[in-house]
1. Classify the range B:1-54 from the C-alpha gyration tensor, please: rounded if a/c falls under 1.5, else prolate or oblate depending on whether a/b exceeds b/c.
2. Express the C-alpha Rg of the range A:3-73 as a ratio against the empirical globular expectation 2.2 N^0.38 Å, rounded to two decimals.
3. Once both labels are modelled 7 Å past Cα along the beta-carbon direction, what's the residue B:137-residue A:48 spacing in nm?
4. When you count, for each residue, the other Cβ atoms within 10 Å and take the mean per peptide, how do B:93-104, B:61-72 rank with the highest first?
5. Can you put B:43, B:73, B:125, B:87 in order, fewest other beta carbons within 10 Å first?
6. Only helical DSSP H runs with n ≥ 4 go in: add -39500 (n - 2.57) per run for chain A, normalise by residue count and round the 222 nm mean residue ellipticity to 500 deg cm²/dmol.
7. Could you work out how far apart the two model spin labels at residue A:79 and residue A:4 are, taking each label as a point 7 Å from the Cα in the direction of the beta carbon, and quote it in nm?
8. Computed over the Cα atoms of the protein assembly as shown, what is the convex hull's projected area averaged over all directions, in nm²?
């Protein structure tokens, strides 16, 4: 599985999404599942999948699927 | 690892609930960030017994769960810098197995499974005379910490 597939899968698993949801359009609080608890679950999932530990400011800035791609580059995760 | 006990006065430094919602009397042993266990003595003077139920007094299930969550809170708030912090429930899954009656002692065990960025996942078991009365998987948070990690949005103060 490629990194981008792992990245998308993290959203699907963290928010228990159905296959018809376009994850690329997701942003914090754009769906009920991406709430405060969902956010922490997503971050924990991504840290495990890519074996990284994100800084506090990056967790705060991680406000959407697209922004997350740029943030993960800082951790040498190219998507 | 540091372990200690807390009497009914001391535990209130780590557990913000007060009468009539303080559901633990004594913490026999706590290892901060790991586990806590103790008990609640239930006399017929408990405020809920006369009405729950008039013909069959027993401890409400919601308060059994509250007792477990409060013990889990002690396991978290005894960590450095967290004394007296308020916790909120996020998600609980509980199973009840036995009624708890006036005159019985409820033994309460709570274990921290994970603690990260203001969210605690844990599990707990409450028993009477070694017989399990209820058990729960719990998720609680210290909102003051959790909110520090959230993107700007409607729930960030």
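1. Note, shape of the range B:1-54 comes out prolate.
2. Working: Rg = 10.9 Å, N = 71, 2.2 N^0.38 = 11.1 Å.
Compared with the compact-globule rule of thumb, the range A:3-73 sits at 0.98.
3. In this crude spin-label approximation the distance works out to 1.2 nm.
4. B:61-72, B:93-104
5. Numbers: B:43 9, B:73 29, B:125 18, B:87 23.
Lowest count first: B:43, B:125, B:87, B:73.
6. -16500 deg cm²/dmol
7. Result for the modelled spin labels: 1.1 nm.
8. Average projection, Cα convex hull of the protein assembly as shown: 15.5 nm².
Every number in this text was worked out from the coordinates using simple rules, so none of it is lab data. If you're wondering where the values come from, they're calculated on a predicted model, not measured in any experiment. When we count neighbours, we look across all protein chains shown, and the Cβ atoms used for this are built from the backbone with ideal geometry, even at glycine.
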